[in-house]
Amino acid sequence: MLQKEFGGDIPDSVEGLVRLPGVGPKMAHLAMNIAWDQVSGIGVDTHVHRISNRLGWLKKPTKNPEETRKALEEWLPRELWSEINWLLVGFGQQVCLPVSPLCSVCLNQHSCPSAHRISPTKRPKAGSPRSPSQTSSLTTKTEPEQESAVKHESTKTETLQTPVSPSAQRRKLKSKVNH
């Protein structure tokens, strides 16, 4: 199909991309952004669809990702369209799960209209990658000079990296090059 209809190249439009077998609107919009650096629409998958509905971001609940895409594009500023998928997918995989979301550890739990309705006390299992890191309760004797080093180490906090979309990475790189 690529040889016959597109001269051996990949289509550079949403319309052309969705004609390819296995490519739907979500993938077409993501490909336009990543491959062609064009924001043609929001790439809405099951996570973006679920979270947008749970957070009440839509005028009325939507039944599928394509309805959600159209509803989000009505109000979300275009400059955020390429970021929303990257931000919500990881959140939907780790916290706002389809079944038994982890509302009790969610930073949005106090503003989310769906919080605690679905999973009032659900927490990640101890030791799972989703659980908060536990500090050891073991104490050991240390020399006075080691003690200050141990205290300094225990006050360090590890910052979590926020997922960054390819377009945000490009903008950051361009601004470094231009300065």
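The values are calculated or read from the model by the stated rules, or taken from the named source; none is laboratory data. Every value quoted in this text rests on a predicted model; they were computed, and no experiment measured them. A quick note on method: Cβ atoms are made from the backbone with ideal geometry, for glycine too, and the neighbour counts reach across all protein chains shown. Just so you know, the surface numbers come from the protein's heavy atoms only, side chains and all, with ligands and any DNA or RNA stripped out. Shrake-Rupley method; radii C 1.70, N 1.55, O 1.52, S 1.80 Å.
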Discussion item. So the check is Cβ under 6 Å with 6+ separation or different chains; which pairs have a first residue in segment 82-99 that's closer than 21 Å to residue 30 by Cα and hydrophobic (A, V, I, L, M, F, W, C) and a second one that's open to solvent by 20 Å² or more (accessible area, probe 1.4 Å) and not in a helix (DSSP H, G or I)?
Written reply: 86/163
Fill in: Index of the failed condition, residue 88 passing every other in (1) in a loop (DSSP other than H, G, I, E, B); (2) in contact with a helix residue (DSSP H, G or I) (Cβ under 6 Å, 6 or more places away or on another chain)
(1)
Discussion item. Against the definition (closer than 21 Å to residue 90 by Cβ and open to solvent by 70 Å² or more (accessible area, probe 1.4 Å)), how does residue 36 come out, yes or no?
Written reply: no
Discussion item. If residue 79 meets every condition in (1) surrounded by fewer than 19 Cβ atoms within 10 Å (Cβ to Cβ); (2) not in a helix (DSSP H, G or I) apart from one, which number is that one?
Written reply: (2)
Worksheet, complete the sentence: Of the residues in segment 89-115 that are touching a Ser or Thr at 6+ places or on another chain (Cβ under 8 Å) and under 11 Å from residue 51 (Cβ atoms), the one that is most open to solvent (accessible area, probe 1.4 Å) is 98
Discussion item. Take residue 7 and tell me if it is within 13 Å of the chain's Cα centre (by Cα) and among the small types (Gly, Ala, Ser).
Written reply: no
Worksheet, complete the sentence: residue 25 fails exactly one of (1) farther than 14 Å from residue 70 by Cα; (2) open to solvent by 30 Å² or more (accessible area, probe 1.4 Å), namely (1)
Worksheet, complete the sentence: Filtering segment 67-94 down to residues that are among the hydrophobic types (A, V, I, L, M, F, W, C) and within 13 Å of the chain's Cα centre (by Cα) yields 80, 81, 84, 86, 87, 88, 89, 91
Discussion item. Given the options 58, 2, name the one that is modelled with pLDDT of 95 or more, out of contact with any Lys or Arg (no Cβ under 7 Å at 6 or more places or on another chain) and hydrophobic (A, V, I, L, M, F, W, C).
Written reply: 58
Response to the item:
If we ask which residues in segment 38-66 are of a type in the set (D, E, K, R) and under 19 Å from the mean Cα position of the chain (by Cα), their number turns out to be 4
Discussion item. Looking at segment 63-75 only, could you name the residues that are open to solvent by less than 100 Å² (accessible area, probe 1.4 Å), over 14 Å from residue 47 (Cβ atoms) and without any contact (Cβ under 8 Å) to a residue 24 or more places away in the chain?
Written reply: 67, 71
